[in-house]
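Engineer: There's a structure below that I have some questions on.
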Amino acid sequence: MKRDREGQATVISLEQWKEVWFEMAQPYCCVAQIAYYCCERVGAVVQLQAVDIQATHIRFQGQTTKTGETKLSRITPALRRALEEALLPKTGFVFPSERPKGFITTRVVEKHLKRAAELCGHQGMANHSPRRSRCTHLDEAGWTLAKIAKVSGHKSLASLERYIDRAAREAEAELMELDA
């Protein structure tokens, strides 16, 4: 669990995410949804420009990604609904701010995320929770690490493997085996 910027961000189920998103105001809810569905960092999401959201994909510009490479993420039906509900601007930054950089901060997104999560009874949530949760959910669905890495943009499979939360699932499997 993430505490005082130490440890790993909490992973929650998609159903739990839906509860958290329900408690979040726009545009912060949409930031978290894009981060989840695209397996992307909140820092890259807040820097999106309207031209980056295309008909079938969201383009994360290289200068906003950790790898420095441009990444295309498919817009799934669930993400399409989230984008439509958010009523995003058609020009400029998708998540504008009066700040000199022109877009909202990751800190304010995390503040809204934590507040909504706590209302739903979830502790240890952080800006990496959407990305980490999605990667974990894909792993639980049987995706290979290589396939998840193509979606998440991880360059190292070892790094991705540490990122995915397998502890709860492995503990449950061991418990079932023990009690068989």
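Bear in mind these aren't lab numbers, they're just calculated from the coordinates by the rules spelled out. Treat the numbers as computed from the prediction; the structure is a model and nothing was measured. Every residue, glycine as well, gets a Cβ built from its backbone with ideal geometry; the counts of neighbours run over all protein chains shown.
Engineer: With θ set to phi - 60°, apply the Karplus curve 6.51 cos²θ - 1.76 cosθ + 1.60 along the stretch 84-95 and write out the HN-Hα couplings as whole Hz, x wherever there is a Gly or Pro.
Structural biologist: Karplus values, whole Hz, x for Gly and Pro: 5, 5, 6, 6, 6, x, 8, 9, x, 5, 6, 10.
Engineer: Rounded to the nearest 0.05, what FRET efficiency do Phe22 and Gln123 give with R0 = 25 Å and r taken as the Cβ-Cβ distance? Could you check?
Structural biologist: Step by step, r from the Cβ atoms, then E = 0.85.
Engineer: Separate question: For the chain, take the longest principal axis of its alpha carbons; what is the angle in degrees between that and the long axis of helix 106-119, to the nearest 10 within 0 to 90?
Structural biologist: Here the helix axis deviates by roughly 50 degrees.
Engineer: While we're here: Kindly give Rg over Rh for the stretch 41-93, based on alpha-carbon atoms, with the Kirkwood expression for the hydrodynamic radius.
Structural biologist: 0.95
Engineer: Still on this structure, please answer the following. Through the Karplus equation 6.51 cos²θ - 1.76 cosθ + 1.60, θ set to phi - 60°, convert the phi angles of the stretch 24-31 into ³J(HN,Hα) values in whole Hz; use x for Gly and Pro.
Structural biologist: 8, 7, 7, x, 5, 4, 5, 4
Engineer: Continuing with the same structure: Tell me, in nm to one decimal, what length is gained between Thr144 and Ala55 on full extension, where the rule is 0.36 nm per residue of separation less the Cα-Cα distance?
Structural biologist: Fully extending the segment from Thr144 to Ala55 adds 29.3 nm.
Engineer: Charges at C-beta only: +1 for Lys and Arg, -1 for Asp and Glu. How large is the resulting dipole of the stretch 1-144 about its Cα centre, in Debye rounded to 20?
Structural biologist: 360
Engineer: How about the stretch 74-123: which trypsin sites (Lys or Arg not before Pro) there lie in a loop by DSSP and see at most 15 other Cβ atoms within 10 Å?
Structural biologist: Lys90, Lys101
Engineer: Still on this structure: Counting other C-beta atoms within 10 Å, which of Val11, Val108 has the fewest, and how do the rest follow?
Structural biologist: In order of increasing Cβ crowding within 10 Å: Val108, Val11.
Engineer: Also: Specify which labelled value, from (i) 53, 33, 31; (ii) 69, 44, 37; (iii) 59, 35, 31, agrees with Cα extents along the principal axes in Å derived from the coordinates of the model shown.
Structural biologist: Of the labelled values, this structure produces (iii).
Engineer: Scan around Phe103 for amide H atoms under 5 Å from its own, H built in the peptide plane at 1.01 Å from N, and keep only partners 5 or more places away or cross-chain.
Structural biologist: Excluding prolines and chain starts, which carry no amide H, the hits are Ser97.
Engineer: Moving to a separate point now. Do the sum for the chain: with -39,500 (n - 2.57) for every DSSP H run of n ≥ 4, divided by all residues, what is the mean residue ellipticity at 222 nm, to the nearest 500 deg cm²/dmol?
Structural biologist: Helix contribution divided over all residues of the chain: -14000 deg cm²/dmol.
Engineer: Can you find, among Met125, Leu83, Tyr163, the residue farthest towards the positive end of the dipole of the chain? Put +1 on the C-beta of Lys and Arg, -1 on that of Asp and Glu.
Structural biologist: Leu83
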